[in-house]
Amino acid sequence: MTEPRVLVVGAGLAGALLARRLQDAGAEAVLIGTAPDSPTGGYRDATAASGGLVRAFEPEPAARALAAASLAELRGDPGLAAEAGWRRTGSLYLLDPDTVAGGGVGAGAAAVDAEVLTAAEVARRFGVDGLPEHAVGVWERRAGHVVPDRLRRAVLAGLTRTEAVPMARLDGDTVELRDGRRLAGDLVVVAAGAWTPGLLRAAGLATCLRTKHIQYAHHAVRRADLPSFVDETSGLYGRPAGPGRLLLGLPSSRWDVDPAAPAPDAELAARVRAVAALRLPGLDPRPVGPPVSAADCYSEPPGLALRAVSGTVHTFTGGSGGAAKTALAASRRAASALLDHPSSVGVPTG
C-alpha cells in the first residue's frame, strides 16, 4: 500500500514532531509554515513561549500514560534529551486527592514511580506554605523541563519536505499558500496551535477549538532547590529558570484572544504575585523583566491529540499550554493513526 501524502500545517512543536514521525515511517509529509515569523529569526507562538514542563504524573489516567511515555522516550535517548535542552529538576504536583481518577493518588503516583506527600511534608521539604490541610503532593524525582523551541528547531532540521510560506486558505484536501500556490495532499492536518480555530472557520468547517491567553513572568527566589511544580489548589505553576529565578504563572481567564497579538494582562500579573507570596515566602514580589504573553489552542476534552474534522481534514492541537509533556508520545500515536487508518482517525470534535 502506498503511504498517503500528508500536508501538516503549522511549524510548532506539535506539527514538527508529527511531520517527523510520518517521515520516519516512510510517508510523504510536507510541513507548511516553517519559516520564523520575526525579523530576528525567532518564532512568536506557543512553542516559543512554553515553559516546557515535562512530568509523568497526571490526575487523569489517559493523560498520564501519554506523559509517562513521552518522559520515558526523552530520558531514554541522550541525543534527543540534548536537542531538547532537557534538565531534570523534579516535579511537585499539588492537588486535592479527590480529583484523581483511576484508583486515586496512590495508584497514579505508583504508576510513574512517584512519592505521595502530605501538605505538612510539602511545607517542610519544599517551603510551600498555605496549602489546604487535605491537599497532597506527588513528588516525581525524574521529571523536569525542556526548551520546546530548541527541540522544534532540531526536529525541523531533520525534515526533508518543508514549505516556508504559511497557509492562506484551506480548500478540502488542498492548501493554498499566501503566495498563491496550491498544494494537494491525501490528508491535511492543521497543527497551527492558536491559529487553528480561525483557519478552520475560514474554510467553512465547524470546530469547538478555542484560543486562550497564556502568561508568565520570571521572579527572583532565595531558595535554589525549588523544583518544577503545579499547584492545583491555587492554580499557580512554575519551574526553575536559571540561578535565583523561577518562572511563575496562573491560568488566564481571557478566551478567544487574537493569537497574533495577545496583550499582557496586568491584573493577572498582580494575582500571580499575590498567590506566590502566600505559597512561596522566599519570593521577591517584583518580576524580573516583562511578562511573556502568548496564546494557545484549547479543546474539550483537553489534550494534544489527533481529531477528525471533515473528510480528509484533521487537527493536531489542543494541548492547552501544556503540550510539551505529551508531544513526543502524542505525535507518535497521531502518526500511527494516520497511516494505519487514514480514512477514519481521530475524535470527531474538530
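The values are calculated or read from the model by the stated rules, or taken from the named source; none is laboratory data. Because the structure is a prediction, the values reported are computed rather than measured. Glycine also receives a Cβ, built like all others from the backbone with ideal geometry; neighbour counts cover every protein chain displayed. Side chains are part of the model used for accessible areas, which takes the heavy atoms of the whole protein and leaves out ligands, DNA and RNA. Shrake-Rupley method; radii C 1.70, N 1.55, O 1.52, S 1.80 Å.
If you go through the stretch 242-284 and keep only what is free of Cβ contacts under 8 Å to residues at least 40 places away in the same chain, under 27 Å from Gly318 (Cβ atoms) and open to solvent by less than 30 Å² (accessible area, probe 1.4 Å), you end up with Leu248, Leu250.
The condition (being in contact with a strand residue (DSSP E or B) (Cβ under 7 Å, 6 or more places away or on another chain) and basic (Lys, Arg)) is satisfied by just one residue among Arg273, Arg222: Arg273. Scanning the stretch 219-232 for residues that are under 23 Å from the mean Cα position of the chain (by Cα) and either of a type in the set (D, E, K, R) or open to solvent by 50 Å² or more (accessible area, probe 1.4 Å) (or both) turns up Asp231, Glu232.
Scanning the stretch 177-204 for residues that are part of a loop (DSSP other than H, G, I, E, B) and open to solvent by 30 Å² or more (accessible area, probe 1.4 Å) yields Arg178, Asp179, Gly180, Arg181, Asp186, Ala203, Gly204. Restricted to the stretch 37-81, and to residues there that are charged (D, E, K, R) and part of a loop (DSSP other than H, G, I, E, B), the residue that is modelled with the lowest pLDDT is Asp37.
Checked against (1) closer than 17 Å to His314 by Cβ; (2) touching a Ser or Thr at 6+ places or on another chain (Cβ under 8 Å); (3) not in a loop (DSSP other than H, G, I, E, B), Cys208 meets all criteria but (3). Scanning the stretch 163-176 for residues that are in contact (Cβ under 8 Å) with a residue 40 or more places away in the chain and in a strand (DSSP E or B), which turns out farthest from Leu339 (Cα to Cα)? Residue satisfying both the conditions and the ranking: Met167.
Exactly one residue among Val54, Val6 is closer than 25 Å to Val116 by Cβ and of a type in the set (Val, Ile, Thr), and that residue is Val54.
Mind checking which residues of the stretch 243-265 are under 25 Å from Val138 (Cβ atoms) and in a loop (DSSP other than H, G, I, E, B)? Leu250, Pro251, Ser252 - these are the residues of the stretch 243-265 that are under 25 Å from Val138 (Cβ atoms) and in a loop (DSSP other than H, G, I, E, B). Annotation note: Cβ proximity below 8 Å between a residue of the stretch 314-339 that is on the phi > 0 side of the Ramachandran plot and free of Cβ contacts under 8 Å to residues at least 40 places away in the same chain and a residue that is surrounded by fewer than 24 Cβ atoms within 10 Å (Cβ to Cβ) and part of a loop (DSSP other than H, G, I, E, B) (sequence gap 6+ or interchain) occurs for no pair. Residue count for the stretch 104-128 satisfying the condition of being surrounded by 14 or more Cβ atoms within 10 Å (Cβ to Cβ), part of a loop (DSSP other than H, G, I, E, B) and not β-branched (Val, Ile, Thr): 2.
Checking the stretch 333-341 against the condition returns a match, with at least one residue being closer than 24 Å to Lys212 by Cα and of a type in the set (Gly, Ala, Ser).
I'm trying to understand the selection: among the residues of the stretch 74-103, which are farther than 29 Å from Ala16 by Cα and surrounded by fewer than 16 Cβ atoms within 10 Å (Cβ to Cβ)? Passing the criteria: Asp96, Pro97, Asp98, Thr99, Ala101, Gly102, Gly103.
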